[in-house]
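What follows is one structure encoded as structure tokens, with my remarks underneath.
The values are calculated or read from the model by the stated rules, or taken from the named source; none is laboratory data. If you're wondering where the values come from, they're calculated on a predicted model, not measured in any experiment. Positions of Cβ are backbone-derived with ideal geometry, glycine not excepted, and every protein chain shown enters the neighbour counts. Surface areas here come from the heavy atoms of the whole protein model, side chains and all, with no ligands, DNA or RNA. Shrake-Rupley method; radii C 1.70, N 1.55, O 1.52, S 1.80 Å.
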Amino acid sequence: MKVKIRKWNAVATWRWDIPEDDVCGICQVHFDGTCPKCTYPGDDCKLLSGKCGHSFHEHCIDEWIKQETSKGQCPMCRQKFEGPEGTGAAANETMEDPADMEV
Amino acid sequence: MAFASKRLGKELAKIHGSLPPGITLVTAEGFQEWLLDIQVLDANPIYMNKTFRLKFKFSPSYPIEPPEVTFLNTADRPVPMHPHIYSNGIICLDLLGQQGWSPVQNVESICMSLQSMLTGNTKNERPEGDEQFVASNRRRPRDIDFYYHDNTV
């Protein structure tokens, strides 16, 4: 029997390429969800991983870092929060595009 | 208010699920003010058989800003005796101040910190200058720069 495919629908899922399955410590929303200000997860609401190894929604950690009282420190470990490329200023570097596309 | 209310909604759902022993939710109507009761679970004679009531006040910027947390004084809920707790219920604890706060803290973790602050205490006394502080203080707790003179208690 010959089957002719006329049409197919691809369905994909994605998740951030981070080791643990966890929530953002600041807003307590799962990393695959958005920060409280956003509607759509993904590129519009990225994650930011500090050199110290702690990750947050970029929008969440931005809110914290711009507070004078944060002294630029990671909310988890109180080390200086630096983006992955060592720019010094937090939140200039974001994680790469959603990884692990599975079709 | 979106940020604070979404975060508090998450916390409330978790609190309704379970809370550590000795911590109970009294009221959480809305996302501005919650009341919780705490008890000290070990046999510390200062706090035995007593329950203390905490009032949490949240700003729209919670958890970027710390909540205002005080002990209430009611007929059956005294303000616990402690060298860092004033008789008007104001608590001198670094994690509740601008300097020690971190947005990864939450209502449950604050309750647990206060519980352990009481558990480890052996001094049945008020902070130095309590009477004068209670009579004269008009500032909000978070604006007070407490002098952490004794970190052993």
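Structure notes:
- For the set B:Lys14/B:Lys55; A:Lys51/B:Lys55; B:Lys10/B:Lys57, the pairs lying more than 26 angstrom apart at their alpha carbons are A:Lys51/B:Lys55.
- Rel. contact order, % - alpha carbon contacts under 8 angstrom, at least six apart, chain B: 20 percent
- Residues in chain B average 50 Å² of solvent-accessible surface per residue, probe 1.4 Å, ligands and nucleic acids excluded.
- Amide H contacts of A:Glu82: A:Lys51, A:Cys52, each under 5 Å away and 5 or more positions distant or on a separate chain (H built 1.01 Å from N in the peptide plane; Pro and chain starts excluded).
- Loop-located GluC sites (Glu not before Pro) across region A:10-64 with a Cβ neighbour count of 16 or fewer within 10 Å are A:Glu20, with loop assigned by DSSP.
- Exercise: per-residue mean of other protein chain Cβ atoms within 10 Å, B:102-109: 5
- Accessible area per residue, Å², region A:16-83 with all protein chains present, probe 1.4 Å: 47 Å²
- For region B:95-109 versus region B:66-91, the gap between their alpha-carbon centres in whole angstrom: 17 Å
- Other protein chain C-beta atoms within 10 Å of residue C-beta, averaged over A:61-70: 3.
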